[in-house]
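The values are calculated or read from the model by the stated rules, or taken from the named source; none is laboratory data. Since this is a predicted model, take the numbers as computed values, not measurements. Using ideal geometry, Cβ is built from the backbone for each residue, glycine included, and neighbour counts are taken over all protein chains shown.
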Amino acid sequence: MNKKIITLIITIAIVAILVGIFMIIPKSSEEKDNSSSKNKENNQVNNNENNKDNNKENNSSSIAVIYFSASGTTKKVAEIISNETLADLIEIVPKEKYTSADLDWNDSKSRTSIECDDESSRPEIANVINVDNYDVIYLGYPIWWGDVPHIILTFMDTHKLDGKTVIPFCTSGGTGISGSMSTLKKYNKNVNWIDGERLSTKESDIIEWLKSINY
């Protein structure tokens, strides 16, 4: 074969190889950069999630939102407080569920009317609640007949709250929390009671209250 042809073929081959190398290197570098950027973004997301989980774990070891809710209104407020404070959410479940008829305040013979008239009544609680690990407890309940439902007194009878900080909150059609606060303070004087608030389910109002008490 003619030397010139051989030389031309070799030259073309070398050029093709060089072109291929230059095309591969930028692409690999770009892929590496994109991969690095993506990994960095994923790590940031994972770190944020881990930090959120760690914060909740740290806070929930000392803070709980414990509530009783017969109609579901207090439950909604408790859930918002739990989300905002990263606290554990614990429901006080009555052994005998309250029906609509039980909650009829116009009926003097309804279950709640009878319970509220009887100072010794202590409705049973169905679930086991452990308060040992909590230093701060948000205690939620509806206002019944101007005062705290007696199942809350059952909870206080069966759980040692001495030395803990307890922040009551309530829901009602209009009655404030002062009457129930007075009952709770007299019932256990060894609790560090923080004056609570009557709350609606409006999230912005709940958040504003939480900021004001700084717990």
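For segment 103-116, how many residues are touching a Ser or Thr at 6+ places or on another chain (Cβ under 8 Å) and closer than 29 Å to GLU203 by Cα?
3
Residue under question is ARG198, and the condition is that it be assigned by TED's automatic domain parsing to the domain that holds SER82 and over 24 Å from SER82 (Cα atoms); does it hold?
No; evaluated as a whole, the condition is false for this residue.
Can you name every residue in segment 127-158 that is over 24 Å from ILE80 (Cα atoms) and out of contact with any helix residue (DSSP H, G or I) (no Cβ under 8 Å at 6 or more places or on another chain)?
Within segment 127-158, THR154, ASP157, THR158 qualify.
Does ASP195 satisfy being exposed (fewer than 14 other Cβ atoms within 10 Å of the Cβ) and not in a loop (DSSP other than H, G, I, E, B)?
No.
Please find, among ALA87, ALA70, ALA101, the residue that is among the small types (Gly, Ala, Ser) and within 18 Å of the chain's Cα centre (by Cα).
ALA87
So that you can scan it fast, the table gives a plain yes or no per residue for (1) in contact (Cβ under 8 Å) with a residue 60 or more places away in the chain; (2) crowded, with 16+ Cβ neighbours inside 10 Å; (3) under 23 Å from GLU84 (Cβ atoms); (4) basic (Lys, Arg):
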{"residue": "GLY163", "(1), (2), (3), (4)": "no, no, no, no"}
{"residue": "PHE169", "(1), (2), (3), (4)": "yes, yes, yes, no"}
{"residue": "GLY179", "(1), (2), (3), (4)": "no, no, no, no"}
{"residue": "GLU208", "(1), (2), (3), (4)": "no, no, yes, no"}
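Name every residue in segment 92-121 that is surrounded by fewer than 17 Cβ atoms within 10 Å (Cβ to Cβ) and closer than 20 Å to MET156 by Cβ, in order of residue number.
VAL93, LYS95, GLU96, ASP117, ASP118, GLU119, SER120, SER121, listed by residue number.
Using the structure shown, decide if LYS185 is outside any helix (DSSP H, G or I), of a type in the set (Lys, Arg) and surrounded by fewer than 18 Cβ atoms within 10 Å (Cβ to Cβ).
Answer is no for this residue.
On the basis of being touching an Asp or Glu at 6+ places or on another chain (Cβ under 7 Å), assigned by TED's automatic domain parsing to the domain that holds TYR67 and without any contact (Cβ under 8 Å) to a residue 12 or more places away in the chain, does SER204 make the cut?
Against the criterion (touching an Asp or Glu at 6+ places or on another chain (Cβ under 7 Å), assigned by TED's automatic domain parsing to the domain that holds TYR67 and without any contact (Cβ under 8 Å) to a residue 12 or more places away in the chain), SER204 does not qualify.
Let me confirm something: among ILE125, ILE81, which residue is buried (at least 16 other Cβ atoms within 10 Å of the Cβ) and within 12 Å of the chain's Cα centre (by Cα)?
The unique qualifying residue is ILE81.
Can you tell me how many residues within segment 68-118 are over 15 Å from HIS150 (Cβ atoms) and in a strand (DSSP E or B)?
Of the residues in that region, 4 qualify.
Which residues, taken from segment 135-153, are of a type in the set (D, E, K, R) and either surrounded by 23 or more Cβ atoms within 10 Å (Cβ to Cβ) or in a loop (DSSP other than H, G, I, E, B) (or both)?
Scanning segment 135-153 gives a single hit, ASP135.
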